[in-house]
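Chemist: Please see the structure below; I have some questions.
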Amino acid sequence: MTTEIKKLVDKAVEAIQDKKGRDITVIDLSGIDGCITKAFVICEGGSPSQIEAITDSVEEKMRVDLGEKPVKVAGLENCVWVAMDYVDIMVHVFVPETRDHYDLERLWADAPSEQIPNLD
């Protein structure tokens, strides 16, 4: 993972933790040819309103601190899975049941991943 991508990932993790997002996983996709992005940041919130708060936090921190805006944000209409596309990274914010159902970590199990400890 390049320094620039790491900077985006770290800022997304910080924004997620600011809103008490949990069970953060970072998947490094930079070594997979033809992949649509270089990294996934996956986390969960306990309710749709927390998903929205996490999404707002990520969007604001990325814009204010790094000058980055998402090219697309999908899922805000129901807030059970919001995907934020920053080209080089994608941030996925789930409610637990939806995260378990889609299991992105298993789908990308061949890529290196890191679990970020929860802040309590």
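We did not get these values from a lab; they are worked out from the coordinates using the rules stated. Quantities reported herein were computed from a predicted structural model and do not represent experimental measurements. In this analysis, Cβ positions are derived from the backbone assuming ideal geometry, glycine residues included, and neighbour counts consider all displayed protein chains.
Chemist: Would you be able to say whether some residue in region 85-106 is in contact with a Phe, Trp or Tyr (Cβ under 9 Å, 6 or more places away or on another chain), farther than 24 Å from Met1 by Cα, among the polar types (S, T, N, Q) and touching a residue at least 12 places away in the same chain (Cβ under 8 Å)?
Modeler: Yes, some residue in region 85-106 is in contact with a Phe, Trp or Tyr (Cβ under 9 Å, 6 or more places away or on another chain), farther than 24 Å from Met1 by Cα, among the polar types (S, T, N, Q) and touching a residue at least 12 places away in the same chain (Cβ under 8 Å).
Chemist: Identify, by number, the condition in (1) aliphatic (A, V, I, L, M); (2) closer than 12 Å to Arg22 by Cα; (3) touching an Asp or Glu at 6+ places or on another chain (Cβ under 9 Å) that Val41 doesn't meet.
Modeler: It is condition (3) that Val41 fails.
Chemist: Let me ask something else. Quick one: is Ile24 of a type in the set (A, V, I, L, M), within 14 Å of the chain's Cα centre (by Cα) and closer than 18 Å to Leu107 by Cβ?
Modeler: yes
Chemist: Still on this structure, I have one more. Looking at this structure, is Val73 among the β-branched types (Val, Ile, Thr) and out of contact with any helix residue (DSSP H, G or I) (no Cβ under 6 Å at 6 or more places or on another chain)?
Modeler: Against the criterion (among the β-branched types (Val, Ile, Thr) and out of contact with any helix residue (DSSP H, G or I) (no Cβ under 6 Å at 6 or more places or on another chain)), Val73 qualifies.
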